[in-house]
Each structure stands twice: as C-alpha cells, then as structure tokens.
Amino acid sequence: MSDEPTALMYKRVLLKVSGEALMGESGFGIDMGACLRIAEQIVAAKQLGAEVCLVIGGGNIFRGITGAAHGMERASADHLGMLATVMNALAMQSALESVGVPTRVQSAIAMQAICEPYIRRRAMRHMEKGRVVIFAAGTGNPFFTTDTGAALRAAEMNCDAMLKGTQVDGVYTADPKRDPSATRYEHLHYMDVLSQELGVMDATAISLMKENRIPVIVFSIHAKGAFADVLRGVGVSTLIDSRRG
C-alpha cells in the first residue's frame with residue numbers, strides 16, 4: 001500500500017459508522033477494543049493524507065425510533081438517541097487520542113462542558129490542521145436519522161465522499177446474513193437505492209447526497225485496512241453515485 005497522499009481517490013471524507021460497530025462482542029454499550037480497531041482504521045487513512053470527519057450512530061445505547069415504537073413520544077425518543085451519539089463520540093475521541101490522533105467532538109446540541117458546539121468554519125479549520133472531527137447529536141432535531149445528519153455534515157464540510165462502514169462489505173440484493181443467495185452490487189445510482197428501497201440509508205440522506213453529487217461508498221468497517229483501501233479506490237465495497245451503467 002502506497003503511503004503517498006497522491007494515492008488517494010478521496011482527500012476529504014466523512015466516515016459514518018453505526019453505534020452497533022462499537023459494541024464488539026457484547027450485545028449492548030461501548031467496547032473500547034472495538035473503538036480502538038476503528039481508530040486504527042482512521043490512523044491508516046490519515047497516514048495516506050486524508051482529512052477525516054466522523055459520525056457515529058447511537059443504536060448500541062438507544063435508538064429513537066425503537067423507543068417511539070414502545071410508547072415513548074417520538075421527539076423525546078429521538079433526543080435520547082442524540083445523547084447516545086454524544087456518548088459514542090466521546091468514547092471514540094478517547095480511542096483516537098490514545099493512538100495519537102488529535103480529535104474534536106462537535107455537538108449539534110450545545111453542551112460546552114464536554115464538547116464544542118457545532119460551528120462549520122471551526123470544524124473545517126480543525127480538519128485543515130489534521131484533526132479528526134466527530135459530529136455528534138445528529139442534526140440537533142428530532143425526526144432525522146444519523147444518516148441524514150452525516151449526509152448534511154458531508155455536504156457542509158465539502159467532502160469528496162461519504163463512506164459508510166457497515167457490518168457487511170457493501171450493498172446486497174438481500175440481507176446476506178439471512179439469504180445466502182444474496183449478491184453484492186459493485187455500483188448503484190442514487191435513484192436505484194431510492195426506487196428499490198434498498199435500505200442502506202434513508203431516503204432523505206440519499207437525496208441530499210444526490211443533490212450535492214457526493215458519492216457514497218459502503219464497505220465493511222470490520223475488515224482490516226478496508227477504510228484506507230476504499231480511499232485508494234481498491235478493496236471490496238459498493239459505490240453509489242450519479243453515473244449510469
């Protein structure tokens with residue numbers, strides 16, 4: 001693998017990972033070993049010269065839509081989910097800084113005692129200085145997913161691509177864990193995701209990526225070195241963009 005920055009296909013990227021990726025082998029909460037493995041992926045990308053920002057879901061602690069389904073008022077449930085993303089962001093900040101990566105957490109809900117408020121210009125300056133910025137609390141509004149929050153931040157940060165690190169190595173015709181015959185797409189148009197309701201991201205997030213012509217690359221966050229490989233245009237993944245065919 002080349003260490004030259006010129007090997008990069010995407011210079012400034014937003015990495016979106018689910019809260020479940022932080023659970024490790026446990027069924028709930030935060031496993032610092034899992035956080036460190038993700039941090040090592042980010043270190044490898046930084047060594048290539050990438051500028052990285054990050055959004056982490058909160059499903060390992062609390063999922064707003066699930067809380068609403070169990071009788072909680074939706075806005076309150078979503079606010080709890082946002083707070084879960086702040087907890088994950090702080091854990092990931094600790095993991096990154098333990099391996100020498102300067103990191104800042106910016107929250108869409110102000111909580112100055114533990115992190116910065118989201119300020120676009122400040123976030124861009126942090127990235128220019130080589131820091132990883134973790135965006136927490138989604139958009140700060142209920143009824144929006146962390147995927148939509150990630151799409152919004154990717155557009156605001158002028159990212160070259162949004163990379164979604166998932167439990168599998170791309171977008172499949174069906175859930176590969178349940179259907180052995182499922183096949184992986186190499187490439188999809190934004191409209192394919194919407195029309196086929198593939199579920200890799202919600203419709204609002206995909207529409208925002210389409211409007212801003214920001215490609216989305218879906219890959220496995222658990223495959224060693226996969227993040228750096230995708231930035232170099234190699235490795236196993238699914239590319240979602242505006243090209244046909």
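Quick one: dipole size for the range 181-245, taken about the Cα centre, charges +1 on Lys/Arg Cβ and -1 on Asp/Glu Cβ, in debye to the nearest 20.
So the dipole magnitude of the range 181-245 works out to roughly 220 debye.
May I ask you to evaluate 6.51 cos²θ - 1.76 cosθ + 1.60, the Karplus curve with θ = phi - 60°, for each residue of the range 144-161 and list the ³J(HN,Hα) values in order in whole Hz, giving x for glycine and proline?
Calculated HN-Hα couplings, in order: 10, 7, 5, 4, 5, x, 5, 4, 4, 5, 4, 5, 5, 7, 6, 6, 6, 6 Hz.
Under a point spin-label approximation (7 Å from Cα along Cα-to-Cβ), what is the Glu186-Lys224 distance to one decimal in nm?
Between Glu186 and Lys224, the simple spin-label model gives 2.7 nm.
Of the options Ala84, Gly59, Val132, report the single residue whose Cα projects farthest towards the positive end of the charge dipole of the range 50-156 (beta-carbon charges: Lys, Arg +1; Asp, Glu -1).
Going by the charge dipole, the pick is Val132.
Where a ≥ b ≥ c are the square roots of the eigenvalues of the C-alpha gyration tensor, would you call the range 157-245 rounded, which needs a/c under 1.5, or, failing that, prolate if a/b is larger than b/c, or oblate?
Taking the square roots of the gyration eigenvalues as a ≥ b ≥ c, the range 157-245 is oblate.
Give the average over all directions of the projected area of the C-alpha convex hull of the range 1-130, one decimal, in nm².
9.1
Among the GluC sites (Glu not before Pro) in the range 49-97, which ones are in a DSSP loop with at most 13 other Cβ atoms within 10 Å of the Cβ? Mind listing them?
When the GluC sites (Glu not before Pro) of the range 49-97 are filtered for loop state and at most 13 Cβ neighbours within 10 Å, Glu73 remain.
So if I take the alpha carbon set of the range 5-241, get Rg, then get Rh from the Kirkwood formula, what is the Rg over Rh ratio?
0.94
Non-local amide H neighbours of Lys16 (under 5 Å, H modeled in plane, Pro and chain starts lacking H): which ones?
Under 5 Å from the amide H of Lys16: Val55, Leu163, Lys164, Gly165.
Looking at the range 117-208, which chymotrypsin sites (Phe, Trp or Tyr not before Pro) are DSSP coil and have at most 10 other C-beta atoms within 10 Å of their C-beta?
none
Obtain the nm distance between the two label points defined at Glu25 and Phe143 by a simple spin-label model: each point lies 7 Å from its Cα along the Cα-to-C-beta direction.
So the two model labels end up 4.4 nm from each other.
Hey, what do the phi angles of the range 22-34 turn into as Karplus ³J(HN,Hα) couplings, whole Hz, using 6.51/-1.76/1.60 and θ = phi - 60°, x for Gly and Pro?
8, 6, x, 7, 7, x, 6, x, 10, 9, 5, x, 5
If you place +1 on the Cβ of every Lys and Arg and -1 on the Cβ of every Asp and Glu, how big does the dipole about the Cα centre of the chain come out, in debye to the nearest 20?
With only Lys, Arg, Asp and Glu charged at Cβ, the dipole is about 580 debye.
How far is it, in nm, from the label point at Thr204 to the one at Ile114 when both lie 7 Å from their Cα along the line to the Cβ?
2.3
None of the figures in this text is laboratory data; all of them are computed from the coordinates on show. All figures in this text were calculated on a predicted structure; none of them were measured in a lab. Counting neighbours? That spans all protein chains shown, and the Cβs are built from the backbone with ideal geometry, glycine included.
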